Amino acid sequence: MIGQDELRQLEDQCIQECAPECTAACPVHVDVRSLAAAVAKGDFAGGLKLLTRVVPFPRTISRICDAPCQPVCRRNEAGDPVAIRALERACVEYGGAPDKPRVLPRRGKTVAVVGGGLSGLTAAFDLARKGYAVSVYEAGTEFGGRLLEYPEAILPRRLLCDELAIVESVLAEISLSAGLQEESLAALRRECDALYLAVGWPARSTFGLAVNEAGRVAVDPVTFITSMDGVFAGGDMLRSGAERSPIRAIADGRRAAISIDRYLQKVSLTASRANESSYITRLYTNTAGIAPLPVVPISDPATGYTGDEATTEAARCIQCECMECVKTCEYLRAYGRYPRKYLREIYNNLSIVKGERKSNQFINSCSLCGLCGEVCPENLGMGPVIQKARQVMVADNRMPPSAHDFALRDMAFSNGAKFALARHRPDAATSDAVFFPGCQLAGSAPVQVEQAYGYLREKLGNIGLLLRCCGAPADWAGRTELFGESLAELRADLESLGASKVIVACSSCFQVFKANLPGIELISLWEVYERHGLPQETEPSTFNLQPATLAVHDPCTTRYEPQIQESARALIRRLGYAVEELTLSRERTACCTYGGVMWLANRPLAEAAVRRRIGESQADYVTYCAMCRDFFAARGKRTLHLLDLIYGADPSTTAERPSPGFSQRHENRAHLKRRLLREIWGEDMPGEPATYESIRLLIADEVRDRLEERLILVDDIQRVIEHAEKTGRRLLNPETGHFLAHFKPTVVTYWVEYTPEAEAFRIHNAYSHRMEIAEGHRP
């Protein structure tokens with residue numbers, strides 16, 4: 001089970017919900033991204049609501065803000081930064097009247113604010129809305145402070161007065177021409193429950209408070225509290241010169257109001273105060289491929305953008321977000337969210353004791369390939385979390401038995417008597433190394449396994465052979481116990497051959513060995529070909545694929561195996577072809593959907609993922625994984641396995657070799673073992689064939705395609721018919737003359753519609769499901 005602490009750590013790695021740089025740089029954190037999105041749609045009222053949510057003086061600040069957001073705008077990397085302040089002004093001009101401030105009922109506490117500038121009035125406004133009785137003392141004859149110094153053309157006095165009047169309307173008391181002296185600070189503090197000093201710069205006095213090295217009132221940088229209990233200070237009285245900023249003055253007032261509110265409620269002043277002012281965000285936004293665009297000019301600077309100009313400028317905002325994994329991974333994209341959301345969803349799914357677990361398919365649909373973690377700026381990969389979730393579901397009996405049944409049955413076949421084999425070469429009692437081709441290459445192109453083994457014996461001498469499945473499907477399915485059993489059998493076979501070096505053709509097998517069998521020296525088959533040369537019969541001049549460039553698809557399990565990737569490319573070039581690198585290649589390669597058994601759990605998603613992958617290039621593909629090759633070929637993409645290039649008589653034709661069906665894969669493996677035993681070791685296949693295997697089937701092409709789509713094997717049908725014919729448990733449709741029978745060999749029930757025909761059986765249809773057929777019971 002994933003614990004809450006681990007969950008929070010993982011969630012924190014996902015940076016999608018981090019603020020964009022403009023918002024992080026803004027001391028009050030205006031949601032610029034959403035504001036720009038609203039304006040781009042012509043929703044100026046919506047933009048104004050976003051602005052007034054954090055800025056108490058939107059009309060004023062939209063004219064005089066020093067805009068620390070604009071220098072960090074990511075649009076800088078593709079044109080000019082977005083004119084954010086001008087967009088804020090457009091919201092003010094065209095967004096209508098702002099909502100009236102909502103004020104909570106009075107709390108019975110009083111706060112004094114000394115200073116009627118931006119900082120003091122912001123604190124007063126925020127505290128008054130929280131229900132405190134706030135009195136403001138201003139030394140001048142009117143509110144505004146430094147705002148009164150701006151020229152009329154920049155900040156019209158009528159506009160300023162109207163905006164300040166909104167603040168004045170929520171105050172308990174206003175005192176003008178009421179400068180505070182040092183000796184009166186203590187007296188004023190005794191009259192109120194808390195006090196905020198924001199008297200501007202240069203401050204006429206330090207009011208007897210402790211000072212810092214610069215001679216200014218010393219304050220805590222987080223809470224703004226001074227050396228006197230209940231007295232806080234902020235705003236321009238703490239800054240001078242370039243440090244003075246309208247938007248920072250507002251931010252100080254807001255932060256001081258938070259501290260005073262906490263002080264009066266007797267709660268922690270420091271808890272959860274991170275990133276209250278400007279900060280460096282962790283959000284990553286990729287600007288590659290974004291067309292550079294200049295800023296939209298303002299036709300009349302005196303009035304600002306027109307509505308059309310503002311919407312055009314707002315549309316330049318690139319709406320900063322990360323989503324690198326979602327943009328790259330079809331699986332994450334398909335579910336419409338991002339890792340932080342997915343992690344919580346997985347945790348909740350695992351926590352359900354009773355009720356529907358709606359995320360089962362999501363958990364089972366990941367290919368576990370690691371691409372998301374590779375492209376994530378924070379290296380957050382969903383694969384380990386998904387795999388752990390599957391293991392938990394299996395351990396708690398929450399994983400549907402049929403979720404990975406087909407893959408596990410295929411694995412059982414490969415580890416059974418019809419395929420599994422461990423042999424020294426016929427003239428040797430020991431093996432210096434063992435060739436492990438993997439079950440899928442044997443199922444796809446068994447002749448190539450024979451050819452590769454012959455090559456290895458010729459080049460390296462004393463090479464044994466080990467045929468079986470490495471156990472990857474059990475690992476992917478979260479079947480920890482079954483995977484352990486498979487590894488134990490694999491380890492026992494290797495020990496029986498006495499070799500500590502294994503030559504591997506399958507990249508998935510390579511990873512299983514590498515992660516679970518320490519002490520085994522691994523080398524890929526492609527490295528052997530590169531080091532020892534191509535077979536003598538291989539003549540590059542005889543290969544004439546058109547065009548002469550091949551796009552390389554790296555299997556996802558070679559993501560961090562550069563030596564394998566380089567060996568494959570070296571062989572392709574040695575065979576006379578140019579190499580095209582796909583957009584996603586090497587450490588960023590994409591999965592063919594076989595990994596993690598996505599192709600079983602979510603067929604539509606797997607189809608979309610493969611279509612996306614094979615659409616990356618018009619060139620013929622070449623890969624060094626049998627399943628990648630067959631999955632692509634099954635969808636019409638001309639694809640070669642690297643062994644097709646090495647041993648194929650005509651690669652241009654081989655590129656169109658159809659993918660063998662699942663039943664044919666079983667046949668290919670069994671025939672390979674039988675042929676190897678006979679031709680190399682002079683032995684017969686051990687054991688008697690199962691009785692059902694003698695049943696002859698007549699299957700039309702369209703029915704065979706249907707069986708393939710439904711993952712129904714020939715031997716599944718043979719078992720159903722054998723059971724039906726032996727027991728007589730079958731239904732006859734008198735209109736068609738067809739029999740209908742069912743049989744449940746494991747967790748899946750198979751139904752077959754058939755008719756006897758001479759010494760065979762004609763198959764009309766077949767399907768499967770997970771329902772239990774209850775017999776002998778009445779409701």
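The values are calculated or read from the model by the stated rules, or taken from the named source; none is laboratory data. Please read these numbers as outputs of a predicted model, since none were measured by experiment. Glycine gets a Cβ as well: all are built from the backbone with ideal geometry, and neighbour counts include every protein chain shown. Just so you know, the surface numbers come from the protein's heavy atoms only, side chains and all, with ligands and any DNA or RNA stripped out. Shrake-Rupley method; radii C 1.70, N 1.55, O 1.52, S 1.80 Å.
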Cα point-scatterer Debye curve for the stretch 565-660, base-10 log of I(q)/I(0) at q = 0.12 Å⁻¹: -0.37
Please list ASP261, ASP229 from largest to smallest accessible area, probe radius 1.4 Å, with all protein chains kept in place. ASP229, ASP261
Set the Förster radius R0 to 45 Å, insert the Cβ-Cβ distance between ARG244 and ASP5 as r into 1/(1 + (r/R0)^6), and round the FRET efficiency to 0.05. 0.55
Using a 1.4 Å probe on the protein heavy atoms, what percent of the accessible area of the chain belongs to carbon and sulfur? 50
Sites SER169 and LYS266, calculated FRET efficiency, Cβ-Cβ separation with R0 22 Å, nearest 0.05: 0.15
Would you mind computing, in nm to one decimal, how far apart the modelled labels at ILE280 and ARG573 are, each placed 7 Å from Cα along Cα→Cβ? 3.9
Taking 0.36 nm per residue of separation and subtracting the Cα-Cα distance, what length does fully extending ARG729 through THR306 add? 144.2 nm
Along the Cα→Cβ direction, 7 angstrom out, place labels at SER205 and ARG762. What is the inter-label distance in nm? 11.0
Sort the following peptides by mean Cβ neighbour count (other Cβ atoms within 10 Å, averaged over residues), highest first: 695-706, 8-19. 8-19, 695-706
Relative contact order (%) - criterion: Cα under 8 Å, at least six apart; region: the chain: 10
List the aspartates and glutamates whose alpha-carbon lies under 19 Å from that of LYS726, not counting same-chain residues fewer than 8 positions away? GLU693, ASP715, ASP716, GLU753, GLU757, GLU759, GLU775
Could you work out how much longer the chain between ARG106 and THR736 gets when fully extended? Use 0.36 nm per residue separation minus the Cα distance between them, nm to one decimal. 218.3 nm
For the chain, what is the percent of antiparallel DSSP beta bridges, rounded to the nearest 5? 35
Grab the Cα-Cα distance for GLU587 and GLU709, subtract it from 0.36 nm times how many residues apart they are, and report the gain in nm with one decimal. 40.7 nm
CYS161 accessible area, nearest 10 Å², 1.4 Å probe? 50
Can you list, largest first and rounded to whole Å, the semi-axes you get for the stretch 504-627 by taking the square root of 5 times each eigenvalue of its Cα gyration tensor? 24, 22, 11
With every protein chain kept in the model, how would you rank SER278, SER694 by accessible area, 1.4 Å probe, largest at the top? SER694, SER278
Just report the Cα centroid separation between the stretch 478-540 and the stretch 708-742, whole Å. 40
Just flag the GluC sites (Glu not before Pro) in the stretch 456-565 sitting in loop per DSSP whose Cβ has no more than 12 other Cβ atoms within 10 Å. GLU537
Once the Cα atoms of the stretch 341-431 are picked out, what are the Rg and Dmax in Å? 19.0, 62
Give me the one-decimal nm value for the distance between modelled label points at ALA492 and ARG344, 7 Å along each residue's Cα-to-Cβ direction. 4.8
Compute the separation of the alpha-carbon centres of the stretch 267-297 and the stretch 601-630 and state it in Å as a whole number. 37
Ignoring ligands and nucleic acids, what accessible area does ARG59 show with a 1.4 Å probe (Å², nearest 10)? 80
So which lysines can LYS341 reach, going by Cα to Cα under 16 Å and dropping same-chain residues fewer than 8 places off? LYS327, LYS358
Express in Å², to the nearest 10, the accessible area of ARG729 obtained by rolling a 1.4 Å probe over the protein heavy atoms while all chains stay in place. 120
Counting residues in the chain as N, plug N into 2.2 N^0.38 Å and put the Cα Rg over that result. 1.32
Per residue, what accessible area does the stretch 117-159 have, given a 1.4 Å probe and all protein chains present, in Å²? 38
If THR52, THR691, THR749 are ordered by their accessible area, calculated over protein heavy atoms with a 1.4 Å probe, which sequence runs from highest to lowest? THR691, THR52, THR749
If packing is taken as the average number of other Cβ atoms within 10 Å across a peptide's residues, how do 125-131, 301-307, 243-249 rank, most packed first? 125-131, 243-249, 301-307
Mind checking the per residue accessible area of the stretch 669-741 for me, 1.4 Å probe, whole number of Å²? 59
